[in-house]
Amino acid sequence: MPKILWMSPYSLHDITSGASIHCRAILESLLPHGFEVWSFASFVFDRPQGGAATFGDLNQLFARDPHAQLIQFDDRGIHYIYLKNQHTKEMERTVSEQNEYFERYLEVLHKFQPDIVIGYGTGMDSYTCFAEAQRRGIATVYLLLNGKHAHFTFPHLDLVLTDSHTTAQLYAEREHINCTPIGQFIEPKYVVAATRTPTFVTMVNPDLSKGLALFAKLVHTCKTALPDVKFLVVNSRANFVAGLPYLHEQGSKVHPYQASDFDNVLMANATNDMRLVYERSKVVIVPSLAYESWGRIASEALLNDIPVLGSKIGGIPEAINGGGIVLEPPAACVQDYTALPSDAEIAPWVDSLKRLLQEDWSQAIATARTNVDLTTLSTRLASMLTTLCARRIAAPETSYDGAAPRR
């Protein structure tokens, strides 16, 4: 049975991180193909609320066994090993915490004897962990799921995987790095609602870079243009109301919006069960203004027979795949995430929303979601990793304590 060790300071239970959610789905999809999977991570999250759904209050969790540095449990077939840490933001972790992570990682390597180490993270501890794995003859794989790794050459990596062809092309042209696109892994049973009562036009994560300005202008315009339409905002990494005061008219310091202007919006907190969201959604909007490697929310919506309105930016069109409408975001908004679109710039978005609400998109959606067929994607990846295991360097390893490890 091939053994995979996931290695990253970032938690795979972070519901505010699309990358964590995706990586966890990838690992779980490999279990039916005969892989044994362990994960070694720490309590680092994109946002503080990211782990609350799984772990609750970390101080209370750590206090249950104050003398133990590691917390271990099994979840959905994966064995998780978490190292306690004081700082939950990667850039705030101390040198001591990074050193402790590396030392514990050496122990996990010695005990588990993985064939492949997979992970991500550009911190020095991640860099060193990959280097140590390769030094021992263990195959190394990096999951590259954004466009932010400029000038990082991925040393000590045998294979760099990404989700979209768009991102693979970006790194090929910009950094001359060969990335292999593997698609977006989504287990339908965790995201597809059993029954649906479509009510809302939905946006998940109203962050400025995710298109809060565009969404807010659309919603406000629809109070007149589509007065019967109700909107739902899921406050995951950002809060809709908290972001409104930052929005301003183009070329002006006028901030026109306040919470009372949006009586057609219902807000919901982040959840680890997105079926509750898709159960009530008619259309999902992904109006990002910054580069997105894929757009997981779009694919999850399509699996629920929900059409998507999204920005023509990064991998979002690849994710929507014809199961909705993609539009160029206004240039002024891309340059300044807090700038509101003009009336003329928001008009195509209003018209497209009308189309998605009024037309039958079922056939287009059925075709679009074939690019996230989990069986096809996992079979292809399993074959790729099995081949990589077969090429594993057979040279003797050295364990963390200097002794020759067991095979």
Since residue 233 meets every condition but one in (1) surrounded by fewer than 24 Cβ atoms within 10 Å (Cβ to Cβ); (2) in contact with a strand residue (DSSP E or B) (Cβ under 7 Å, 6 or more places away or on another chain); (3) not basic (Lys, Arg), which condition does it not meet? (1)
Go through segment 246-305 and report how many residues are touching a residue at least 24 places away in the same chain (Cβ under 8 Å), small (Gly, Ala, Ser) and farther than 20 Å from residue 201 by Cβ. 2
In segment 116-134, anything out of contact with any strand residue (DSSP E or B) (no Cβ under 8 Å at 6 or more places or on another chain) and without any contact (Cβ under 8 Å) to a residue 40 or more places away in the chain is listed as 122, 124, 127, 128, 131, 132
Of residues in segment 206-230 being assigned to a loop (DSSP other than H, G, I, E, B) and in contact (Cβ under 8 Å) with a residue 60 or more places away in the chain, the one least open to solvent (accessible area, probe 1.4 Å): 211
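Step by step: first the residues of segment 150-165, then only those that are touching a Pro at 6+ places or on another chain (Cβ under 7 Å) and buried (at least 20 other Cβ atoms within 10 Å of the Cβ), then the one that is farthest from residue 132 (Cα to Cα). Which residue is that? Before the answer, list the steps.
Pass one, segment 150-165, residues touching a Pro at 6+ places or on another chain (Cβ under 7 Å): 162-165.
Imposing the further condition that a residue be buried (at least 20 other Cβ atoms within 10 Å of the Cβ) reduces the set to 162-164.
Details: 162: 23, 163: 26, 164: 29 Å.
Only one residue fits best here, namely 164.
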What tally of residues in segment 114-130 results from selecting those that are open to solvent by 30 Å² or more (accessible area, probe 1.4 Å) and either closer than 22 Å to residue 381 by Cβ or not β-branched (Val, Ile, Thr) (or both)? 3
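Restricting segment 178-205 to residues that are open to solvent by less than 20 Å² (accessible area, probe 1.4 Å) and more than 16 Å from the chain's Cα centre (by Cα), which is nearest to residue 315 (Cα to Cα)? Can you show your working first?
First, the residues of segment 178-205 that are open to solvent by less than 20 Å² (accessible area, probe 1.4 Å): 179, 182-186, 191, 193, 201-203, 205.
Next, only the ones that are more than 16 Å from the chain's Cα centre (by Cα) stay: 179, 193, 201-202.
On the way: 179: 15, 193: 25, 201: 22, 202: 20 Å.
Filtering segment 178-205 for residues that are open to solvent by less than 20 Å² (accessible area, probe 1.4 Å) and more than 16 Å from the chain's Cα centre (by Cα), the one nearest to residue 315 (Cα to Cα) comes out as 179.
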Enumeration of residues in segment 314-337 that are in a loop (DSSP other than H, G, I, E, B) and open to solvent by 30 Å² or more (accessible area, probe 1.4 Å): 321, 322, 328, 336, 337
Among what's in segment 86-113 and is surrounded by 15 or more Cβ atoms within 10 Å (Cβ to Cβ) and out of contact with any Pro (no Cβ under 9 Å at 6 or more places or on another chain), pick the residue that is nearest to residue 152 (Cα to Cα). 102
Cβ-Cβ under 8 Å, sequence separation 6+ or interchain: first residue in segment 319-343 and touching a residue at least 40 places away in the same chain (Cβ under 8 Å) and more than 26 Å from residue 296 (Cβ to Cβ), partner open to solvent by 50 Å² or more (accessible area, probe 1.4 Å) and outside any loop (DSSP other than H, G, I, E, B). Which pairs? 332/345
Of (1) in a loop (DSSP other than H, G, I, E, B); (2) farther than 25 Å from residue 16 by Cα, residue 111 fails just (1)
Does residue 138 satisfy being touching a helix residue (DSSP H, G or I) at 6+ places or on another chain (Cβ under 6 Å), surrounded by 15 or more Cβ atoms within 10 Å (Cβ to Cβ) and of a type in the set (A, V, I, L, M)? no
Give segment 236-261 a look and list any residue that's open to solvent by less than 20 Å² (accessible area, probe 1.4 Å) and touching a Ser or Thr at 6+ places or on another chain (Cβ under 6 Å), or say none. 236, 247
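On the basis of being under 26 Å from residue 295 (Cα atoms), open to solvent by 60 Å² or more (accessible area, probe 1.4 Å) and either touching a Cys at 6+ places or on another chain (Cβ under 6 Å) or of a type outside the set (Lys, Arg) (or both), does residue 48 make the cut?
Values: under 26 Å from residue 295 (Cα atoms): yes; open to solvent by 60 Å² or more (accessible area, probe 1.4 Å): yes; either touching a Cys at 6+ places or on another chain (Cβ under 6 Å) or of a type outside the set (Lys, Arg) (or both): yes.
Considered against the rule, which asks whether it is under 26 Å from residue 295 (Cα atoms), open to solvent by 60 Å² or more (accessible area, probe 1.4 Å) and either touching a Cys at 6+ places or on another chain (Cβ under 6 Å) or of a type outside the set (Lys, Arg) (or both), residue 48 comes out as yes.
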Among the residues that make up segment 144-153, is at least one of them closer than 30 Å to residue 110 by Cα, in contact (Cβ under 8 Å) with a residue 24 or more places away in the chain and among the hydroxyl-bearing types (Ser, Thr, Tyr)? yes
Residue check for residue 133: among the hydrophobic types (A, V, I, L, M, F, W, C), outside any helix (DSSP H, G or I) and open to solvent by less than 60 Å² (accessible area, probe 1.4 Å): no
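The values are calculated or read from the model by the stated rules, or taken from the named source; none is laboratory data. Computed from a predicted model, the values in this text were never measured in an experiment. Ideal geometry is used to build each Cβ from the backbone, glycine not excepted, and the neighbour counts take in all protein chains shown. Surface areas here come from the heavy atoms of the whole protein model, side chains and all, with no ligands, DNA or RNA. Shrake-Rupley method; radii C 1.70, N 1.55, O 1.52, S 1.80 Å.
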